[in-house]
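To keep things clear, I will list the structure first and then write my remarks on it.
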Amino acid sequence: MRIFSGIQPTGRKHLGNYIGAISQYVDLQEQGDPAIYCVVDLHAITVKYDPAELRERLYDTTAILLASGLDPEDCILFRQSDVPEHTELTWLLAGTATSHGDLNRMHQFKEKSVKQRELVSAGLFFYPALMAADILAYNADLVPVGDDQRQHLELARQIATNFNNRFGDTFTVPEWRIPEVGARIMDLKNPDQKMSTTSDNPAGTVYVLEDPKAIEKKFKSATTDSGSEVRRALDKPGISNLIEILSVVSGRSMEQVEADFEGQQYGSFKVAVAEAVIEYLRPVQEKYSELRADEAALEAALGAGAEKASAIAGPIVAAARDKMGLGRPVA
Ligand code: AMP
Ligand code: TRP
């Protein structure tokens, strides 16, 4: 089973990224044939950015992934812009298998475009086609992601199907893997919104590399709901989110968490969640500093990954090109 996923080099990866995506990458790396993980810098250029900072954040993200347990012996870890097949295939798919109307329906484009103060780039609109190219260039069977990527994955499946119908069987139609618990970690301050780097209130987002004291403070000030029972309910999004977080980071079911905190106050529950999250992130934080300090080693790991990635994507994209009647015919 071939596994592929991508993560943006925003550097400031948060608890939602970690629980929803990174921990799945680590769990799956040995099952992949192979498991391929890509730091998607070409996606990151679709909103305003600084070139020097992009490189820094790329190293940050790579070091976080390695510190979390990705092992270049067990998986392929590489930088998207090192493998030109991603950009080429985006155009091939955009020209023949991607409908403008489908791109226009993407929630994430709508959300991100209203946040742009200056230019809303055509690349932001094309973002899901690049994502489809990432996946299809490897004929991936399975794509581990958080819940917010469901619509993009549906589109990638549609694009693969459209291409195959028009040019003959070429691409694998990928399945997604969205975790049952932790697929949508919510903002601690506004539990009606997903946790994200661009949230309005910085106190609502907990970062993977955040200082334990700051993490504790954020959980203590998390928005809780009326009532006093530690129990999930539709009208208790704040407490429900904290129960979900504690369930994942402590390896207990949500029912068990509710049972363990029966009769306890919100205050002591929040402290317990904070402590468990701090312990959960501690090993990653400890390994991170050492790995991040050695940029040459990070480059070497990414370079070796890119070679392995190219060896897989090259022939798949060449076959697509040939079926489309482009380039010199393949004998
Ligand atoms: P990004 O940082 O946008 O590249 O996202 C990387 C991965 O994290 C994707 O698989 C997302 O679905 C996942 N993700 C992002 N935000 C959350 C969240 N709040 N809860 C769970 N997963 C998330
Ligand atoms: N769009 C994804 C996100 O924001 C990142 C991504 C890019 C991705 N290419 C991918 C995820 C391919 C899975 C597969 O989280």
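All of the numbers you see were taken from the coordinates with simple rules; none came from a lab. No experiment lies behind these values; they were computed from the predicted model shown. Neighbour counts are summed over all protein chains in view; Cβ atoms, including those assigned to glycine, are modelled from backbone coordinates with ideal geometry.
Exposure proxy ranking for R166, R177, based on other Cβ atoms within 10 angstrom of each Cβ and starting from the fewest, stands as R166, R177. Taking other C-beta atoms within 10 Å as the exposure proxy, T46, T197, T61 rank T197, T46, T61 from fewest upward.
Compute the FRET efficiency between N165 and R117 as 1/(1 + (r/R0)^6), taking r as their Cβ-Cβ distance and R0 = 51 Å, and round to the nearest 0.05.
That gives a FRET efficiency of 0.80.
In the chain, helical runs assigned H by DSSP with n ≥ 4 each contribute -39500 (n - 2.57); averaged across all residues and rounded to the nearest 500, the mean residue ellipticity at 222 nm is -16500 deg cm²/dmol. Springs between alpha-carbon pairs under 10 angstrom, Gaussian network model over the chain: which of N104, N164, N139 fluctuates most? Comparing N104, N164, N139 in a Gaussian network model of the chain, the most mobile one is N104. A convex hull fitted to the Cα coordinates of the chain yields 142 cubic angstrom per residue. Here the range 202-289 is treated as a sphere whose radius is the Kirkwood value from Cα pairs; by Stokes-Einstein at 25 °C and 0.890 mPa s it diffuses with a coefficient of 184 µm²/s.
Close lysine pairs were tallied over the range 202-289: pairs 8 or more places apart or on different chains with Cα atoms under 15 Å apart number 5.
Candidate membrane-span-like segments in the chain, meaning DSSP H helices with Cα atoms spread over at least 15 Å of their own axis and a Kyte-Doolittle mean of -1.0 or above, are 51-67, 85-96, 122-136, 150-167, 237-250, 266-293, 295-323, with no membrane implied. Length gained on full extension, N201 to D102, computed as 0.36 nm times the residue gap minus the Cα-Cα distance: 32.5 nm.
So, R0 is 35 Å and r is the distance between the beta-carbons of V271 and D27; what FRET efficiency does that work out to, to 0.05?
The calculated FRET efficiency here is 0.80.
Approximating the spin labels as points 7 Å out from Cα along Cα→Cβ, the E53-to-A311 distance works out to 3.8 nm.
Checking a compactness column here: for the range 119-273, what do you get for Rg(Cα) / (2.2 N^0.38 Å), N being the number of residues? Can you show the working numbers first?
Numbers: Rg = 19.7 Å, N = 155, 2.2 N^0.38 = 15.0 Å.
So the Cα radius of gyration is 1.32 times the expected 2.2 N^0.38 Å.
For a straight C-alpha distance cut-off of 19 angstrom, the aspartates and glutamates reachable from K194 (same-chain residues fewer than eight places away being disregarded) are E111, D147, D148, E180, E210, D225, D235, E244.
Summarising the amide proton neighbourhood of Y49: residues at separation of 5 or more, or on other chains, whose placed amide H is nearer than 5 Å comprise an empty set.
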